Amino acid sequence: MERKVIITSDGSTTIHLTEWNEQYHSTHGAIQEAYHVFIKSGLALFENQSISILEIGFGTGLNCLITYFESQKLNLDVDYVGVEAYPVLKNELEQLNYVEQLNFDNGSEIFERIHSEKWEQSCEVNSHFVLTKRKQFFQDIKDNSIYNLIYFDAFGARVQPELWTIKILKKMYTSLKKDGVLVTYSAKGSVRRTLIEVGFKVEKLQGPPGKREMLRAIKQ
């Protein structure tokens, strides 16, 4: 499948999959979407805590990079697990401009560290942030009551409906601790109904730029 790096509306990059006409992030702004969906609507709920995060679709590492720096502002200790079946290629990573766009101190060093660490091994990025990357299909996840927060950032249901089924979303429910939170950019009615069916309490929130709504689900 042809893949190319493109610029989104906020100036940040993403990877476009030509055959699917699908992107790793919103074309309305990759960084804006990450902040709105995963930080503002998810991470910010856990200020001054020690938490475990599961990212479904590690992809370019953008969510992980932003989480690393925002967790310091929120006084968080983070155990971050990113699951990805098809890791992004080195030449694609070299074309991404998140470090320049975000302008974090030591951003380049942390972005390189995130991607250079070996898969299937836990690494201490600093004393408050541990990262584990798992090369794994989502259907093979078997975690039980481990996570406080899930970033559900899989490709959309239009191109990969199998990632938004009862089977997968039930695994997400099982993976979370009680009162754990799942956030996703999706607001499809079928996704909302499936989340409810597997046991979540679901709320619609204002969406990121270019989307009217998004979903946040809480394990009761």
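The values are calculated or read from the model by the stated rules, or taken from the named source; none is laboratory data. Everything quoted here is computed from the prediction, not taken from an experiment. Virtual Cβ from ideal backbone geometry, glycine too; neighbours counted across all protein chains shown. SASA here: full protein model, heavy atoms, side chains in, ligands and nucleic acids out. Shrake-Rupley method; radii C 1.70, N 1.55, O 1.52, S 1.80 Å.
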In the stretch 33-76, anything part of a helix (DSSP H, G or I), over 22 Å from residue 11 (Cα atoms) and open to solvent by less than 30 Å² (accessible area, probe 1.4 Å) is listed as 43, 46, 71
Mind checking which pairs have a first residue in the stretch 58-75 that is touching a residue at least 12 places away in the same chain (Cβ under 8 Å) and among the acidic types (Asp, Glu) and a second that is in a helix (DSSP H, G or I) and open to solvent by 10 Å² or more (accessible area, probe 1.4 Å), Cβ under 7 Å, 6 or more apart or different chains? 70/39
Note down all Cβ pairs under 8 Å where the first residue falls in the stretch 107-121 and is under 14 Å from residue 134 (Cβ atoms), the second is surrounded by fewer than 18 Cβ atoms within 10 Å (Cβ to Cβ) and of a type in the set (Asp, Glu), and they're at least six residues apart or on different chains. none
In the stretch 84-101, the residues that are assigned to a helix (DSSP H, G or I), in contact (Cβ under 8 Å) with a residue 40 or more places away in the chain and open to solvent by 30 Å² or more (accessible area, probe 1.4 Å): 101
Apart from one, (1) touching a residue at least 24 places away in the same chain (Cβ under 8 Å); (2) out of contact with any strand residue (DSSP E or B) (no Cβ under 8 Å at 6 or more places or on another chain); (3) farther than 22 Å from residue 52 by Cα; (4) of a type outside the set (Phe, Trp, Tyr) all hold for residue 158; the odd one out is (2)
I need the full set of residues from the stretch 135-144 which are surrounded by 14 or more Cβ atoms within 10 Å (Cβ to Cβ) and more than 28 Å from residue 27 (Cβ to Cβ), in order please. 141, 143
Single unsatisfied condition, residue 117 versus (1) open to solvent by 20 Å² or more (accessible area, probe 1.4 Å); (2) out of contact with any Cys (no Cβ under 6 Å at 6 or more places or on another chain): (2)
